[in-house]
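Chemist: Below is a structure I'd like to ask you about.
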Amino acid sequence: MARMKFYCDAERCIECNACVTACKNEHEIPWGVNRRRVVTIKDGEPGERSLSVACMHCSDAPCAAVCPVDCFYTTNDGVVLHDKDICIGCGYCFYACPFGAPQFPEAAAFSSRGKMDKCTFCAGGPEEDHSSDEYKKYGRNRLAEGKLPLCAEMCSTKALLAGDANILSDIYRKRIVNRGASVLNWGVSYDNSKLRS
Amino acid sequence: MSKLTRKTSQVVAAPGNLRANNICQPIDKSSSVANAVSRRSFLKRSGLMAGGAALASSVSPVMMKKAQASNSSLGDIKEVKTVCTHCSVGCGIIAEVQNGVWTGQEPAFDHPFNKGAHCAKGAAIREHGHGEKRLKYPTKLVDGKWKKVSWDEAISDIGDQLLDIREKNSPDSVYWLGSAKHSNEQAYLFRKMAAMWGTNNVDHQARICHSTTVAGVANTWGYGAMTNSYNDMHNSKAILMIGSNPAEAHPVALQHIFKAKEENNAPIIVIDPRFTRTAAHADHFLQIRPGTDVPVIWGMLWHIFQNGWEDKEFIRQRVYGVEEIRQEVAKWTPDEVERVTGVSESRVYGAAKAMADNRPSTFVWCMGGTQHTIGNNNTRAYCVFQLVLGNMGVPGGGTNIFRGHDNVQGATDLGVLSNTLPGYYGLKPGSWKHWAKVWDLDYEWVKSRFDKGSYEQSKGKDAHVMNTKGIPVSRWIDGVLEDKENIAQKDNVKAMIFWGHAPNSQTRGAEMKKAMEKLDLLVIVDPYPTASAIMHDRKNGVYLLPAATQMETYGSVTASNRSFQWRSKVIEPLFESLPDHTIMYKLSKKLGFSEELFKHIEVKGEEPYVEDVLREINSGMWTIGYTGQSPERLKMHQENWGTFDYTSLKAEGGPADGDFYGLPWPAWGTPEMKHPGTPNLYNPALSIAEGGLTFRARFGVERNGDNLLAEGSYSKGSEIKDGYPEFSHTMLKKLGWWDDLTADEKKQAEGKNWKTDLSGGIQRVAIKHGCAPFGNAKARAVVWTFPDPVPIHREPLYTSRRDLVEKYPTYEDRKSFWRLPTRYKSIQAKDYSGDYPIILTSGRLVEYEGGGDESRSNRWLAELQQDMFVEMHPRDANNAGVKDGDDVWLEGAEGSRVKVKALVTRRVSSGVAFMPFHFSGHMQGVDMTGNFPEGTAPYVAGEAANTAMTYGYDSVTQMQETKCSLCRITKV
Amino acid sequence: MTKLLKTILFISFLLLPQIAQSNISSNQFDESISIENPGAELWRNVRQRDGIFEGTSQSQSTDANFLINITGEAWRQYRMLDLIPKAGIALLVSLIGVLLFRVIRGNILLEAGRSGIKILRFSTSQRVIHWVTAILFIILSLTGLLLLFGRSFLIPMMGAEAFSYFAVGAKFLHDYLGPAFAVSLVLLFIFFIKGNMPSLKQDLAWLAKGGGMLGRHASADRYNAGEKGWFWIAAFVGGAIVVSGFVLDFPIFGQSRETMELFHVIHTIAATLIVIASIGHIYMGTIAMDGTFEVMKTGYCDSNWAKEHHDLWYEKQLAAGKVPAQKTPTKSS
């Protein structure tokens, strides 16, 4: 069985946020909920790099571990999904997740958060594939249509990759080989421009 | 123990088919488990208007695409191919439409430009199908209140007032401001409409975007356009970007740049005052002081000449005037370069060497280079740099000028400009006669539409108004505000027609407000009300007409690389909006010239037939080879995206076999000639018939005794093994090729040249003999017709470096320049640097486009950029007592100020501040969004950067200066 | 010890080639090698290796600027491996303790039997506040326990779907009654502080005698040290629960995840402590000692009960003439 993963190539991500809007577009995500976001490290300084981050569909998912109602499950493709009918909106998954993936439609008094929402790897939820309920709760189920997550499919520089982990590593390995391993090829030798020559 | 039934998806998800080995190709649709695919079927349009409610914090958003279970079938969804309407990359889009509702967007993996990729804007383009904040019906301002009116009433009102102004003032008192967002056909009709109205006061965004490029580049080697293509950068061994930030302005271009970077180990060189997101991925970064492009280029050339890295043979064969350049460059010693630009010798040397060592190297520039008072000098300096390195006319080289709007190349080509007719024919009597012939109209009738008399002299004689350049869009406010006596036209501008233009993209916002208030009539034709509807305090005389977006109509669009792309209609126009060409028909009918305007264009109901318009374009645009791109060929290319090669853009097999994608102009001759288009300009390694080219013979054959024609260089298969002038009937006869014309062609070609022969015979025969119809000449490094023949540095009007003003002064003031007095020295004479110590520059954000009225109305985009801001260096922030996130007043050197948030960052260097220009809705601290018609205010509003931007116009094209001015920043 | 040695050896073995490498580098490529590898730096920052590193993001959601939150994993480990098991054990132990106590001591009867003379011990408002607090406390404890242990005990029995209904109700009650409990706890504090101030000599004496369990009678004023202890546990631990609960219940001030995690741990520990303490209190207040429950039920205590448990207070009441001379007629209770 395939094991679905995301990988974001920091050497290519340019923080264009296409992944973010593609996700919003595909699943009609409301304002304030960000299933995917781009984080920039060292913004505006040499060494600036961006990474697109969403649910990483962990093998040992912390969200699933801490969920008091056990609403998470992992599909045969290695996609971590959750059941919104069971979710009570406690927020524990948000505390536990290293990536800040779980999102809540509100953050109101009395811990009213609504049902947790997160990246589904475009794989819907426990409802019947392509059912109206599934769409309303989880968005489109692209995996069942034979497609991959739209964020990665639309990535402007193909920095964000999605798919079977083995294939992703093959792609990334090829890129590394192309780029070469020279210390001079670390990408920011603009401080040492003479060295490039 | 009951457990959940946990289904897993049926897909053995294995993303196969890794076409380009660096591209993640997802599951091939056809090879996927087709049986498992059951498509959703959607409810009808009923869900559409409720879309806005999805803003509420409900996790189950109100869906446009309401899914139903299994009773759907694949047939329910229609896939429509179209092209993104944001930038000039021209990304393909596959829209999924069901029952007339745009329900989904799929990546166009087979599209040769973007391979399914998008930036934030392209990935959010389905919002066009929501249109929550659109202008929904014709509206007029009555005593300060917006009133809904019918189309007929609106057109009738506007028409009456326009005719009144025409009568009372002059045809030139109506300003026709077109758009780079129009399709080619609409742009062409717009230009034609202005001509029929009888004015040259017609222009569009290209004036304030790449006009200096077009002028500078065309005057160097023939055509003012991107010479190669985004895809061709795969072949580059080095890439230099100056004043260009594709990571934000053209994100999908980075896909191609990274391919070169990774596979060719091509060094990336970024020259910019800001450490942009592009610079973050560069190998060399040269942080120049704004406005010092010429010094840094000459500084690089200094090293190139010093080390003998120039391509001597190329220069000998194909370039004129390098010696004069050499003399100027000699003045730019490393010390002087560092003194003026702030960049050290080692960095300049490193960049120069990287470009010289890794040829073919390509050169990219954008608005950071063009929007200056010396913009034309900058663009020519860039060209000279590439000529000296011999990088022109080779794959992987060239000047890759990234255009801005999706169809700014097309609209420029189609002459929505105050200085030319379509196809850069200019405004000479011969040009008008050519077009009158194409239009099948009486030249005298066209002439009669213009003001009588003369505004200016040409060669000692009075020039007719129709042959006089109009007011450029950058200066329209002066056309309104300037004293009548100072303007070289009969009367001031009294009516403005904003047909797809954002006013906040233009400088001097506070004066623009005054100008808008002084007008008799303000008409806005746009899918959105735009800032033009609200930035003033008018009470009457404003009309808003809802135009359809390009997703709601169809036609062709020209990408930056000169490729034509066909757009199909995705959805019917929402609300009461109408396609632009339909509105043009309605208005021209009211104004009384629809018969002439559409003489050979079929009008169905009220909608002109787009294919007919394109055929008319094909029949007249010989100068730049807009002739081979018939609607049939373009549609065929659209159908066969997947057959074009990702790097060469050439189709291998299939119906488009041998064609380059989108028939990049020039696609010589008639469509029947089946010219494949020219992927890279001036590449002599291919024959003309295969898309090769030479430099254009445009500037004569000889100057001061020097030969201007190419020497020993000619395109593959050329029967003339040397330079030659442009083709005409006399030249054909001299060469003995006249009899290659058919009898019919002979009849039409007699007395004509390659530009005016409507049969296309002269071009056909020239190409048959392997010759470029426009001749084979040298490029000129010295443009003797410009104010600065050799590009030189001149300090900006508002400069903080007073010590350099004496050595690098600006121009003398001009009394009448494009009909208007234009100031240079009188502004620079005053020292503003004491009161306004910080250099102000501006640029783009990836989430927004242009004036931003459309993208800020897109909730998916607006959520990502909610505040207008100014980037300032920590040192400047500390000096002003400002912390990150504080509100600050930024006051421009002319006294207009904007209230924005401070973003303290080292992205800008100390003493430089940067603002994005996409915001509008606030004016000098006042929130004007209350002026919007109900329900049309964008999600995000803010101060327009250009409110604080100051005076300053290019010495050739009147390009506005938006990249270096002065300001001061204080805490609120 | 050998293990440590082995580790050191192993690490130096790993480092050997690196050291050799760096020697070569410093000779030949010293300039180039001095360029910091931005990739390594990136991931070091991302993984928060050198402390908390905040990036930037155009997304506005809470903590969107952090790529990896390392505290979440620590919280998870603590919660799943320490907190839940240990809290469970502690609760179990305390229940067993009470049970043992019951078995050993059995019913503690009034030595002198009942006099039938009733002394007013708690005002109506005190009793109302006590019972409101008590009821809220019990609801919050039960719902809290349900959320803490439900997954371990109830889901295996009823399945996640059925449990979800309970959990939704439990969360709702917990979140909305928590603030009410906070109010009642404050009132409780105000209404009961009188007499609960520690009095060192008395309280130590009382404690020394094990509250009368160890041999002789221990004298006490209005409240004995045990009761005072409960009062102050309620005040402080309850206060911690209220404060931490407030942070968790009102995620509207932009609290970071770290804050929430910290307060969640505080909340759980404090709640466990107070539940354990409450088990003692409930036992002692209900069935452990004859005549005690009726005091909070009716507000009056038997004079003999007062003499035996709060002799000093009884004397004060006597002196103040608040002890009726005659049996108060009561409905048999």
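Condition check ((1) among the charged types (D, E, K, R); (2) facing another protein chain (nearest Cβ under 9 Å); (3) surrounded by 17 or more Cβ atoms within 10 Å (Cβ to Cβ)) across all residues:
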{"position": "C:58", "(1), (2), (3)": "no, yes, yes"}
{"position": "C:62", "(1), (2), (3)": "no, yes, yes"}
{"position": "C:81", "(1), (2), (3)": "no, no, no"}
{"position": "C:86", "(1), (2), (3)": "yes, no, no"}
{"position": "C:148", "(1), (2), (3)": "no, yes, yes"}
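Chemist: May I pose another question? Go through segment B:80-138 and report how many residues are in contact with a Cys (Cβ under 7 Å, 6 or more places away or on another chain) and among the aromatic types (Phe, Trp, Tyr).
Modeler: 1
Chemist: Among (1) of a type outside the set (D, E, K, R); (2) open to solvent by less than 50 Å² (accessible area, probe 1.4 Å); (3) in contact with a Gly (Cβ under 9 Å, 6 or more places away or on another chain), which single condition is residue C:207 missing?
Modeler: Of (1) of a type outside the set (D, E, K, R); (2) open to solvent by less than 50 Å² (accessible area, probe 1.4 Å); (3) in contact with a Gly (Cβ under 9 Å, 6 or more places away or on another chain), only one is false for residue C:207: (2).
Chemist: For segment B:408-431, give me each residue that is touching a Leu at 6+ places or on another chain (Cβ under 7 Å), in contact (Cβ under 8 Å) with a residue 24 or more places away in the chain and either open to solvent by 10 Å² or more (accessible area, probe 1.4 Å) or in a helix (DSSP H, G or I) (or both). Can you show your working first?
Modeler: Step one: list which residues in segment B:408-431 are touching a Leu at 6+ places or on another chain (Cβ under 7 Å), which gives B:415, B:419-422, B:427, B:431.
Okay, now just the ones that are also in contact (Cβ under 8 Å) with a residue 24 or more places away in the chain, so B:415, B:419, B:421-422, B:427.
Once the filter is applied, which keeps residues that are touching a Leu at 6+ places or on another chain (Cβ under 7 Å), in contact (Cβ under 8 Å) with a residue 24 or more places away in the chain and either open to solvent by 10 Å² or more (accessible area, probe 1.4 Å) or in a helix (DSSP H, G or I) (or both), segment B:408-431 yields B:419, B:422, B:427.
Chemist: Residue B:182 - would you say it is of a type outside the set (Ser, Thr, Tyr), within 14 Å of chain A (Cβ to nearest Cβ) and touching a residue at least 60 places away in the same chain (Cβ under 8 Å)? Spell out how you get there, then give the answer.
Modeler: On the way: of a type outside the set (Ser, Thr, Tyr): yes; within 14 Å of chain A (Cβ to nearest Cβ): no; touching a residue at least 60 places away in the same chain (Cβ under 8 Å): yes.
Criteria not met by residue B:182.
Chemist: In segment A:78-91, is there at least one residue being under 17 Å from the mean Cα position of the chain (by Cα), at pLDDT 95 or above and within 28 Å of residue C:176 (Cβ to Cβ)?
Modeler: yes
Chemist: Further, regarding this structure: All but one of (1) more than 14 Å from chain A (Cβ to nearest Cβ); (2) part of a loop (DSSP other than H, G, I, E, B); (3) of a type in the set (Phe, Trp, Tyr) hold for residue B:889; which doesn't?
Modeler: Unmet condition: (2).
Chemist: All but one of (1) touching a residue at least 60 places away in the same chain (Cβ under 8 Å); (2) not in a helix (DSSP H, G or I) hold for residue B:653; which doesn't?
Modeler: So residue B:653 meets the others, but not (1).
Chemist: Please list, ordered by first then second residue, the pairs with beta carbon atoms under 7 Å, 6 or more apart or interchain, first in segment B:454-470 and open to solvent by 20 Å² or more (accessible area, probe 1.4 Å), second part of a strand (DSSP E or B) and of a type in the set (A, V, I, L, M).
Modeler: B:454/B:463; B:456/B:463; B:457/B:463
Chemist: Would a scan of segment B:665-683 turn up a residue that is aliphatic (A, V, I, L, M), under 30 Å from residue B:111 (Cβ atoms), touching a Cys at 6+ places or on another chain (Cβ under 9 Å) and not in a loop (DSSP other than H, G, I, E, B)? Walk me through it before giving the result.
Modeler: Step one: list which residues in segment B:665-683 are aliphatic (A, V, I, L, M), which gives B:667, B:673, B:681.
Imposing the further condition that a residue be under 30 Å from residue B:111 (Cβ atoms) reduces the set to B:667, B:673, B:681.
Next, from what is left, pick out any that are touching a Cys at 6+ places or on another chain (Cβ under 9 Å): none.
No, every residue in segment B:665-683 fails to be aliphatic (A, V, I, L, M), under 30 Å from residue B:111 (Cβ atoms), touching a Cys at 6+ places or on another chain (Cβ under 9 Å) and not in a loop (DSSP other than H, G, I, E, B).
Chemist: Give me the pairs: first residue in segment B:368-393 and charged (D, E, K, R), second residue in a helix (DSSP H, G or I) and open to solvent by less than 10 Å² (accessible area, probe 1.4 Å), beta-carbon distance under 6 Å, and six or more apart or on different chains, which are they?
Modeler: B:380/B:216; B:380/B:220
Chemist: Which ranges mark the helices (runs of 4 or more DSSP H) fully within segment A:1-100 that have 2 or more residues being open to solvent by less than 10 Å² (accessible area, probe 1.4 Å) and within 12 Å of chain B (Cβ to nearest Cβ)? Lay out the reasoning, then the answer.
Modeler: Numbers: elements: A:18-27, A:62-66, A:92-96.
Once the helices (runs of 4 or more DSSP H) in segment A:1-100 are filtered for at least 2 residues that are open to solvent by less than 10 Å² (accessible area, probe 1.4 Å) and within 12 Å of chain B (Cβ to nearest Cβ), what remains is A:18-27.
Chemist: Scan segment B:304-348 for residues that are more than 32 Å from the chain's Cα centre (by Cα), within 14 Å of chain A (Cβ to nearest Cβ) and buried (at least 16 other Cβ atoms within 10 Å of the Cβ) and report the count.
Modeler: Of the residues in that region, 2 qualify.
Chemist: If you don't mind, another one. Which ones in segment A:152-175 are surrounded by fewer than 24 Cβ atoms within 10 Å (Cβ to Cβ) and more than 7 Å from chain B (Cβ to nearest Cβ)?
Modeler: First, pick out the residues of segment A:152-175 that are surrounded by fewer than 24 Cβ atoms within 10 Å (Cβ to Cβ): A:164-175.
Residues satisfying the conditions are A:165, A:166, A:168, A:169, A:170, A:172, A:173.
Chemist: Next question, about the same structure. Which count do you get for residues in segment A:120-136 that are at the interface with chain B (Cβ under 8 Å from one of its Cβ atoms) and either surrounded by 22 or more Cβ atoms within 10 Å (Cβ to Cβ) or in a loop (DSSP other than H, G, I, E, B) (or both)?
Modeler: The qualifying residues number 9.
Chemist: While we're looking at this one, here's another question. Could you please find all residues in segment A:73-124 being hydrophobic (A, V, I, L, M, F, W, C) and on the phi > 0 side of the Ramachandran plot? Reasoning before the result, please.
Modeler: Start the filter on segment A:73-124 by keeping residues that are hydrophobic (A, V, I, L, M, F, W, C), which leaves A:79-81, A:86-88, A:90, A:93-94, A:96-97, A:99, A:101, A:104, A:107-110, A:116, A:119, A:121-123.
Of everything in segment A:73-124, those that are hydrophobic (A, V, I, L, M, F, W, C) and on the phi > 0 side of the Ramachandran plot turn out to be A:110, A:121, A:122.
Chemist: Next question. Can you spot a residue in segment B:102-113 that is at the interface with chain A (Cβ under 10 Å from one of its Cβ atoms), crowded, with 20+ Cβ neighbours inside 10 Å, under 23 Å from residue B:258 (Cβ atoms) and of a type outside the set (Gly, Ala, Ser)?
Modeler: Yes, segment B:102-113 has at least one match.
Chemist: Further question: Name the residues in segment B:349-370 that are in contact with a strand residue (DSSP E or B) (Cβ under 6 Å, 6 or more places away or on another chain) and either more than 14 Å from chain A (Cβ to nearest Cβ) or surrounded by fewer than 24 Cβ atoms within 10 Å (Cβ to Cβ) (or both), would you? Can you show your working first?
Modeler: Taking segment B:349-370 and keeping what is in contact with a strand residue (DSSP E or B) (Cβ under 6 Å, 6 or more places away or on another chain), we get B:350-351, B:354-355, B:358, B:361-365, B:369.
Matches in segment B:349-370: B:358, B:362, B:363, B:364, B:365, B:369.
Chemist: Now for a different question. Does segment B:150-172 include one or more residues that are under 27 Å from the mean Cα position of the chain (by Cα), in a strand (DSSP E or B) and over 28 Å from residue B:612 (Cα atoms)? I'd like the intermediate steps shown before the answer.
Modeler: Step one: of segment B:150-172, the residues under 27 Å from the mean Cα position of the chain (by Cα) are B:172.
Next, from what is left, pick out any that are in a strand (DSSP E or B): none.
Among the residues of segment B:150-172, not one is under 27 Å from the mean Cα position of the chain (by Cα), in a strand (DSSP E or B) and over 28 Å from residue B:612 (Cα atoms), which makes the answer no.
Chemist: Of the residues C:199, C:152, C:141, which single one is away from every other protein chain (no Cβ under 12 Å) and farther than 30 Å from residue C:304 by Cβ?
Modeler: Working: C:199 fails: farther than 30 Å from residue C:304 by Cβ; C:152 fails: away from every other protein chain (no Cβ under 12 Å).
When all the criteria are applied, what remains is C:141.
Chemist: Which residue, of B:140, B:136, is touching a Gly at 6+ places or on another chain (Cβ under 9 Å), in a strand (DSSP E or B) and away from chain A (no Cβ under 11 Å)? Can you show your working first?
Modeler: Working: B:136 fails: in a strand (DSSP E or B).
Exactly one residue qualifies, and that residue is B:140.
Chemist: Sort through B:878, B:946 and tell me the only one that's assigned to a helix (DSSP H, G or I) and closer than 25 Å to residue B:135 by Cβ. Walk me through it before giving the result.
Modeler: Numbers: B:878 fails: closer than 25 Å to residue B:135 by Cβ.
None of the others qualify; the one that does is B:946.
Chemist: Another question about this same structure. Please work out which residue is farthest from residue C:159 (Cα to Cα), limiting yourself to segment A:106-119 and to residues that are open to solvent by less than 20 Å² (accessible area, probe 1.4 Å) and facing chain B (nearest Cβ under 10 Å).
Modeler: Taking segment A:106-119 and keeping what is open to solvent by less than 20 Å² (accessible area, probe 1.4 Å), we get A:111, A:113, A:116-119.
Next cut, facing chain B (nearest Cβ under 10 Å) only: A:113, A:116-117.
On the way: A:113: 24, A:116: 20, A:117: 22 Å.
The extreme case among them is A:113.
Chemist: Here is a further query. So is residue B:882 touching a residue at least 12 places away in the same chain (Cβ under 8 Å), open to solvent by less than 10 Å² (accessible area, probe 1.4 Å) and more than 25 Å from the chain's Cα centre (by Cα) or not?
Modeler: Working: touching a residue at least 12 places away in the same chain (Cβ under 8 Å): yes; open to solvent by less than 10 Å² (accessible area, probe 1.4 Å): yes; more than 25 Å from the chain's Cα centre (by Cα): yes.
Spelling it out, residue B:882 is indeed touching a residue at least 12 places away in the same chain (Cβ under 8 Å), open to solvent by less than 10 Å² (accessible area, probe 1.4 Å) and more than 25 Å from the chain's Cα centre (by Cα).
Chemist: What tally of residues in segment B:659-691 results from selecting those that are more than 20 Å from residue B:413 (Cβ to Cβ) and free of Cβ contacts under 8 Å to residues at least 60 places away in the same chain?
Modeler: 4
The rows are residues; the columns are (1) within 15 Å of the chain's Cα centre (by Cα); (2) at pLDDT 90 or above.
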{"position": "C:231", "(1), (2)": "yes, yes"}
{"position": "C:234", "(1), (2)": "yes, yes"}
{"position": "C:242", "(1), (2)": "yes, yes"}
{"position": "C:249", "(1), (2)": "no, yes"}
{"position": "C:270", "(1), (2)": "yes, yes"}
{"position": "C:307", "(1), (2)": "no, no"}
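Chemist: Looking only at segment B:181-195, decide whether some residue is among the small types (Gly, Ala, Ser), assigned to a loop (DSSP other than H, G, I, E, B) and at pLDDT below 95.
Modeler: Step one: filter segment B:181-195 for residues among the small types (Gly, Ala, Ser), giving B:183, B:187, B:194-195.
In the following step, the residues that additionally are assigned to a loop (DSSP other than H, G, I, E, B) were identified as B:183.
Pick out the ones that are also at pLDDT below 95 and you get none.
So far as segment B:181-195 goes, no, none of its residues is among the small types (Gly, Ala, Ser), assigned to a loop (DSSP other than H, G, I, E, B) and at pLDDT below 95.
Chemist: Quick check, is residue B:125 crowded, with 24+ Cβ neighbours inside 10 Å and in a helix (DSSP H, G or I)?
Modeler: Values: crowded, with 24+ Cβ neighbours inside 10 Å: yes; in a helix (DSSP H, G or I): yes.
In short, yes.
The values are calculated or read from the model by the stated rules, or taken from the named source; none is laboratory data. Quick caveat, the model's predicted, so the values are computed rather than measured. Using ideal geometry, Cβ is built from the backbone for each residue, glycine included, and neighbour counts are taken over all protein chains shown. Ligands, DNA and RNA are excluded from the accessible area calculation, which covers all protein heavy atoms including side chains. Shrake-Rupley method; radii C 1.70, N 1.55, O 1.52, S 1.80 Å.
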